[in-house]
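As structure tokens, the structure follows; a few thoughts come after it.
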Amino acid sequence: MCRQLSEKVPGIVHVNVTGFASAVAMARDKTLRDKVFVVAEPRAGRAVLLDVSPRAREEGLMPGMALAEAERRFRSLQVLPPEPKTLEKASQEMVEAVKAFAPLIEYVPGGHLYLDLSGTERLFGPLQDTALRIRRNIIKRLNIDPAMALAPNKLTAKVVTRTLRPVGFAAIRRDEAAEFLAWQDIRLLPGVGPVLLKLLHAAGVYTIGDLAVLSDTEASVLLGKQYKKLLDSARGIDAEPVHDCSQRPPSIERQLYFQGAVAEREVLRGSLMALAEEAGMALRQQHLAACALRLELIYGDGVRRVVRKNFHSPQSMDDALYQGAEACLNAALDRRVRVQMIGLRLEQLDRDYGEQDLFIPEHRHIHTCLQNTLDANRRRFGPAILVRGTTLLAQGYAGALPLERPRGLQAARR
């Protein structure tokens, strides 16, 4: 399906590489193309599958499945460890392959790109032809064939690529978008995860069109507070722009210098919690999430220790950031020497796309609401208005040292 878009219609392209980790692995090693393999960290407790190859998917293996269960089902299963640096390099190659044609590029973790080609017709010709050139560039540079769609907005483009996966290209005009969406399975609509899907099926909603024809009153009774966002999505209404990934800060960093070196681990953990909370709040204010963090210690004798951690998925909540930082702290504390400075840097920042399921489980919903309430009160009354008990012990030891202004970072607080 390839149809010409009108020049007056905004052109949004979605590039979707299905199974990004496995696709990159197969691009690097062609012998893997017909093999059953998965990407997982076998050393992790209760390891789960982070990605699966196309052949593994045919065998019934899916991302999120326990590695032990997958190995029971397929005895000769090949397990590849995750390679964050390789995936980061491949992501950069994708951006390089498209940036000559797209003024605005938004990268989404997992092998997704949104491109805004609006207004480029005079430079490169019809938008459909430009999109096809971009696809050829990606195939040439990465040896990966993605699913691609050209549509009036991001939501429609995303649904189209979900119908095409794993490969293919399609273009949808604005006057075709509503009709196209109406016939698609409701599970293809962004925001519909397993929890919400059960509710919609129970109400007899199986296609996007079934949801789109509901009145506002009917939708609010069925969906509650989230009804407006989901109803607009079902009707193809989406005004979200493409967010330029080049405008994101490279990192967010916080540091604490102690008034006299300390050795007490509880003091260090309390200080780390304070850093995680402050860095996390800065992250959420910019609607970002961190894919990695870096912990730095300076001992009293000047020796430095640096430990890094990559998250399996982007994180923005204080508890998740602290848990990752605490694991790094435990690894870095390998000397019987007092610590002079502790620093936390959040790296590989990506836009925070929130929950995939608008009806998240209740315990996670409560956790998110609590975090939002804490942020709102701290913005209004200052960070010191709400302090965790774990940070109180550290306050008497910690001094503040401003960070370098050219890096765009705020001074550390007590």
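Straight distance only, please: which lysines reach the Cα of K89 with their own Cα at less than 18 Å, same-chain residues fewer than 8 apart left out?
Cross-link targets: K99, K140, K309.
Lys/Arg Cβ at +1, Asp/Glu Cβ at -1, dipole of segment 113-221 taken about the Cα centre: which of T156, L117, W183 is farthest positive-ward?
After comparing all options, I get L117.
Please identify which residues in segment 28-47 have an amide N closer than 14 Å to a label point set 7 Å out from the Cα of E59, following the Cα→Cβ vector.
Under 14 Å, as judged by backbone N against the label point of E59, lie 32-40 of segment 28-47.
Could you please state how large a percent of the accessible area of segment 57-100 is carbon and sulfur, counting protein chains only and using a 1.4 Å probe?
51
How large is log10 of I(q)/I(0) for segment 59-179 at q = 0.09 Å⁻¹ when the intensity is taken from the Debye formula with one equal scatterer per alpha-carbon?
-0.33
For E41 and H287, what is the calculated FRET efficiency with R₀ set at 35 Å and r taken between the beta-carbons, to the nearest 0.05?
FRET efficiency, E41 to H287: 0.75.
Taking amide H positions as placed in the peptide plane 1.01 Å from N, state which residues far from V48 in sequence (5 or more) or on other chains have amide H under 5 Å from it.
Distant-sequence amide H within range of V48: E41, L67.
Answer rounded, prolate or oblate for segment 1-140, using the Cα gyration tensor with square roots of eigenvalues a ≥ b ≥ c: rounded when a/c is under 1.5, else prolate when a/b is larger than b/c, else oblate.
It comes out prolate by the Cα gyration axes.
How many nm separate the modelled label positions at T373 and L132, each set 7 Å beyond the Cα in the direction of the Cβ?
About 5.6 nm, to one decimal.
With every protein chain kept in the model, how would you rank C245, C328 by accessible area, 1.4 Å probe, largest at the top?
Largest accessible area first, the residues go C245, C328.
How big is the Rg/Rh ratio for segment 297-348, C-alpha atoms only, Rh by Kirkwood, two decimals?
Here Rg/Rh amounts to 1.01.
Put +1 on the Cβ of every Lys and Arg and -1 on every Asp and Glu Cβ in segment 46-102; which of A56, P84, A66 then has its Cα farthest towards the positive end of the dipole?
So the residue we want is A66.
Please list, in order along segment 207-219, the HN-Hα scalar couplings obtained from phi with the Karplus expression 6.51 cos²θ - 1.76 cosθ + 1.60 (θ = phi - 60°), rounded to whole Hz, x for Gly and Pro.
So the J values, rounded to whole Hz, are 10, 4, x, 4, 6, 5, 7, 5, 6, 4, 5, 4, 5.
The values are calculated or read from the model by the stated rules, or taken from the named source; none is laboratory data. Nothing here was measured: the structure is a model prediction, and the numbers come from that model. Every residue, glycine as well, gets a Cβ built from its backbone with ideal geometry; the counts of neighbours run over all protein chains shown. In case anyone asks, the SASA skips ligands and DNA or RNA and just uses the protein heavy atoms, side chains included. Shrake-Rupley method; radii C 1.70, N 1.55, O 1.52, S 1.80 Å.
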